[in-house]
Amino acid sequence: MSVLDSEFFKSDEAAREHLEALRWPHGPVCPHCGTVENIKKLEESPKHRPGLYKCYVCKGQFTVTVGTLFERSKVSLRKWFLAVYFLCSSKKGMSSHQLHRTLGVTWKTAWFMTHRIREAMRELVASS
């Protein structure tokens, strides 16, 4: 079984659930005030984007992507996970052009993604 056959590569919902399990193993945490109580997942509707939570302590809304390299991106989490996988598993690295062809996104989007991923890797290495 290939890594690409993993459940979190199958759909955007599965990718979001996987990221939530990684970031919040004991339930959602408000990135604004840090509380773990009085947080409710809002129903998915035309008014609310998928995976939106509301903190009833600070009245803020948030998703699992707040504070991550995926924040404020219109690219699906599934494509982000694939991009991270390809960049980390490629022996000689991967160019933005190759990523754009592989994921089916524009070159500008692939360039944006590779820069965010590489910056996150640089911060990770610098902190260890």
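Summary table below
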{"quantity": "Tensor-based shape of segment 77-127 (alpha-carbon gyration tensor, a/c under 1.5 rounded, otherwise prolate or oblate)", "calculated": "prolate"}
{"quantity": "Max mean-square fluctuation residue, GNM over the chain, Cα-Cα springs under 10 Å, options S89, S45, S73", "calculated": "S45"}
{"quantity": "J(HN,Hα) series, segment 55-64, from Karplus relation 6.51 cos²θ - 1.76 cosθ + 1.60, nearest Hz, glycine and proline x", "calculated": "9, 8, 8, 9, 6, x, 10, 7, 10, 5"}
{"quantity": "Kirkwood hydrodynamic radius of the chain, from inverse mean 1/r over distinct Cα pairs, in Å", "calculated": "16.1 Å"}
{"quantity": "Rounded if a/c under 1.5, otherwise prolate or oblate - segment 3-62, Cα gyration tensor axes", "calculated": "oblate"}
{"quantity": "Added length on full extension, which subtracts the Cα-Cα distance from 0.36 nm per residue, C33 to K74", "calculated": "12.2 nm"}
{"quantity": "Proximal charge balance of E43 [Cβ under 12 Å; K/R count +1, D/E count -1]", "calculated": "+4"}
{"quantity": "Of the trypsin sites (Lys or Arg not before Pro) in segment 38-108, those whose Cβ has at most 10 other Cβ within 10 Å and which sit in DSSP loop", "calculated": "K47, K59, R72, K74, K91, K92"}
{"quantity": "Dipole magnitude (debye, nearest 20) for the chain, charges at Cβ of Lys, Arg, Asp, Glu", "calculated": "500 debye"}
{"quantity": "Sum of side-chain charges, V84 neighbourhood, beta-carbon under 12 Å (Lys, Arg +1; Asp, Glu -1)", "calculated": "+4"}
{"quantity": "Leading residue at positive end of dipole, segment 3-62 (Cβ point charges), from S6, P50, Q61", "calculated": "Q61"}
{"quantity": "For segment 39-49, Karplus couplings with θ = phi - 60° (6.51, -1.76, 1.60), whole Hz, Gly/Pro x", "calculated": "10, 10, 7, 7, 5, 6, 7, x, 7, 10, 6"}
{"quantity": "Relative contact order of the chain, pairs being alpha-carbon contacts under 8 Å that are 6 or more residues apart, as %", "calculated": "17 percent"}
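Bear in mind that the values in this text are calculations on the coordinates, not laboratory data. The structure presented is a predicted model; accordingly, all values stated were derived computationally and were not measured. Note: ideal-geometry Cβ built from the backbone for every residue, glycine included; neighbour counts use all protein chains shown.
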